[in-house]
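Structure first, commentary second.
The values are calculated or read from the model by the stated rules, or taken from the named source; none is laboratory data. No experiment lies behind these values; they were computed from the predicted model shown. Here the Cβ positions follow ideal geometry from the backbone for every residue, glycine too, while neighbour counts run over all protein chains shown.
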Amino acid sequence: MLFGAVAGGDLEVRRKGGSTRLSGSFPYNSTATLSDGGRRGRPRKERFAPGAFEYSIESGELDIHLLVGHDFGKPLASKNAGSLLLRSTDDGLFFTAKLSDSVLDTSHGRDAMSMLSAGLIGGVSPGFRIPPERTVPNAETVEDEDPSQGTAIIRTVNDAILYELSLVTRPAYPDTTVEERNWQVPAVQSAAHVQSTARYRWRL
């Protein structure tokens, strides 16, 4: 599984009576630098296109969890349990989690709330996979950065299978996942390929 993060994700906790709700977002079209390229390589950047997680949100079969630190042993809410509501707009992925008292009574639930109160949670990070090319041909595109802006290789995720969202202390891509991504810039891209915005459906 790959992990992604953007430093601009918003998080807000609201308590009303005995109910605790956590709201947050993960912005689309926000470019993150995964690697500066080191001494001799080229920088690598990544972004998510609007609607990249649409299939997962609309799927009645695929569950999506809200976790602490990408750890499925530390769940806070889930879509199938009805405690995690998600919606996607052109601006980003938005979620609201209803945190039950039983979850807040766990050690990871208490720790998460304490870290949020202390300002130690730095953002939201999605755990996802890219669907097979045979089912979603244009799930990702790779291109050279505009020379006027830099020399990076930019990967855009157009369609991804979202498994979880995590509260993380530092919203940055783990170094171990960088090499798992496709960084091959096509030699030639047709106008139809670049401009295609068709949405694909696939079965897991």
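The table that follows gives values for the structure above.
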{"quantity": "Test: residue in segment 1-9 that is closer than 21 Å to Gly109 by Cβ, out of contact with any helix residue (DSSP H, G or I) (no Cβ under 7 Å at 6 or more places or on another chain) and modelled with pLDDT under 85", "calculated": "yes"}
{"quantity": "Flag if Lys79 is within 23 Å of Pro27 (Cα to Cα), at pLDDT 95 or above, of a type in the set (Lys, Arg) and surrounded by 14 or more Cβ atoms within 10 Å (Cβ to Cβ)", "calculated": "yes"}
{"quantity": "Residue list for segment 94-116, filter: of a type outside the set (A, V, I, L, M) and touching a residue at least 60 places away in the same chain (Cβ under 8 Å)", "calculated": "Phe94, Phe95, Thr96, Lys98, Asp101"}
{"quantity": "Tally of residues being part of a strand (DSSP E or B), surrounded by 16 or more Cβ atoms within 10 Å (Cβ to Cβ) and on the phi < 0 side of the Ramachandran plot across segment 122-166", "calculated": "19"}
{"quantity": "Residue within segment 98-114 that is more than 22 Å from Lys45 (Cα to Cα) and of a type in the set (Val, Ile, Thr) present", "calculated": "yes"}
{"quantity": "Which numbered condition Leu85 misses (of (1) touching a residue at least 24 places away in the same chain (Cβ under 8 Å); (2) over 30 Å from Glu143 (Cβ atoms))", "calculated": "(1)"}
{"quantity": "Residues located in segment 30-58, provided they are among the polar types (S, T, N, Q) and either modelled with pLDDT under 90 or in contact with a helix residue (DSSP H, G or I) (Cβ under 8 Å, 6 or more places away or on another chain) (or both)", "calculated": "Ser30, Thr31, Thr33, Ser35"}
{"quantity": "Looking only at segment 8-66, and only at residues there that are among the small types (Gly, Ala, Ser), surrounded by 13 or more Cβ atoms within 10 Å (Cβ to Cβ) and assigned to a loop (DSSP other than H, G, I, E, B), the one that is farthest from the chain's Cα centre (by Cα)", "calculated": "Gly37"}
{"quantity": "Residue selected from segment 167-180 under the condition surrounded by fewer than 17 Cβ atoms within 10 Å (Cβ to Cβ) and modelled with pLDDT under 50, by the criterion nearest to Pro75 (Cα to Cα)", "calculated": "Pro174"}
